[in-house]
Amino acid sequence: MTGYLHLIVPDDDFRLIEGRRETTTYRFGTGAAQHIFCSQCGIKSFYKPRSHPKGISINLRCLDERHGVEARIVKFDGKNHAGAVA
């Protein structure tokens with residue numbers, strides 16, 4: 001519902017260049033995922049997912065144009081994926 005397009009990269013391949021002070025982290029449920037978002041506008045541009053504990057999920061929609069990333073979008077219905085609760 002938020003329009004988040006996950007681009008998961010290994011921890012070692014992610015570097016936040018600026019803006020760390022403007023972020024805040026929220027955990028809910030199991031507490032395993034770290035939901036990091038802008039404390040000013042509320043946009044979640046990246047986070048530490050429970051499903052990939054050694055990676056960072058970047059919102060592809062938050063990257064600048066001409067970022068050079070070739071992404072393969074894999075659709076899922078939000079109900080039938082790993083970690084879904086019935």
Expected unfolding gain across D13-R61 under the 0.36 nm per residue rule, minus the alpha-carbon gap, is 15.5 nm
For segment 28-69, the dipole about the Cα centre with charges only on Cβ (Lys and Arg +1, Asp and Glu -1), to the nearest 20 debye, works out at 160 debye
Any idea which of I56, G29, I43 is furthest toward the positive side of the dipole for the chain, if Lys and Arg beta-carbons carry +1 and Asp and Glu beta-carbons -1? G29
Non-local residues with an amide H under 5 Å from the amide H of G55, with H modelled 1.01 Å from N and Pro and chain starts lacking one, are D11
Simple SL model, points at 7 angstrom along Cα→Cβ for R72 and F28; separation in nm is 3.2 nm
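Hey, got the dipole for the chain? About the Cα centre, +1 on K and R Cβ, -1 on D and E Cβ, debye to the nearest 20? Walk me through the numbers on the way to the answer.
Numbers: 13 positive and 9 negative charges, 60 e Å.
For the chain, the charge dipole is close to 280 debye.
Using DSSP loop states and a limit of at most 13 other Cβ atoms within 10 Å to flag chymotrypsin sites (Phe, Trp or Tyr not before Pro), what is the longest stretch of the chain containing no flagged site?
Numbers: sites that count: F28, F76.
After excluding every exposed loop site, the longest remaining stretch is 29-75.
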Are there trypsin sites (Lys or Arg not before Pro) in segment 1-68 that DSSP marks as loop and that have at most 11 other Cβ atoms within 10 Å, and which are they? R15, K54, R66
Inverse of <1/r> over all distinct C-alpha pairs of segment 6-62, i.e. the Kirkwood Rh in Å, gives 11.6 Å
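Coordinate-derived values only; no laboratory data. Just so you know, these numbers come straight off a predicted model, no measurement behind them. Please note: Cβ atoms are built from the backbone with ideal geometry, for glycine as well, and neighbour counts cover all protein chains shown.
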